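Below: one structure, written as structure tokens.
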Amino acid sequence: MNKVPDAVRKELAALAARPESDIDFSDLPPTQASDWVAAERGKFYRPVKQQLTVRIDADVVVWLKGQGKGYQSRLNQILRAAMLNTPKHG
């Protein structure tokens, strides 16, 4: 894993702290609805994976595997959707 140098980390923190009103968007053309038709959310997002052992009901595993290859990725997608659809507390 690459460590971000402290100078870069400080610069990124300073940029993140600036209000959006300080950003000059004048050179960007406005977008149209048609620009977003084929857009994919999270296409380049690659979260860090963590290996762990869990106990899952046998019938759930059969159901996941019965949908074809990639059952672990499917399980992750189901859990992510549940996480994103759960109201945040605190």
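What to note about this one:
- Of the residues in region 71-86, none is over 22 Å from the mean Cα position of the chain (by Cα) and small (Gly, Ala, Ser).
- Which listed residue, of 2, 76, is free of Cβ contacts under 8 Å to residues at least 60 places away in the same chain and surrounded by 10 or more Cβ atoms within 10 Å (Cβ to Cβ): 76
- Residues of region 69-90 classified as small (Gly, Ala, Ser) and assigned to a helix (DSSP H, G or I), total: 3
- Taking the listed residues 41, 18, the one that is of a type outside the set (Phe, Trp, Tyr) and either at pLDDT below 90 or touching a Leu at 6+ places or on another chain (Cβ under 6 Å) (or both) is 41, with no other qualifying.
- Residue selected from region 5-38 under the condition assigned to a loop (DSSP other than H, G, I, E, B) and hydrophobic (A, V, I, L, M, F, W, C), by the criterion surrounded by the most Cβ atoms within 10 Å (Cβ to Cβ): 23
The values are calculated or read from the model by the stated rules, or taken from the named source; none is laboratory data. What you see is a predicted model; the values in this text were computed from it and never measured. Neighbour counts are summed over all protein chains in view; Cβ atoms, including those assigned to glycine, are modelled from backbone coordinates with ideal geometry.
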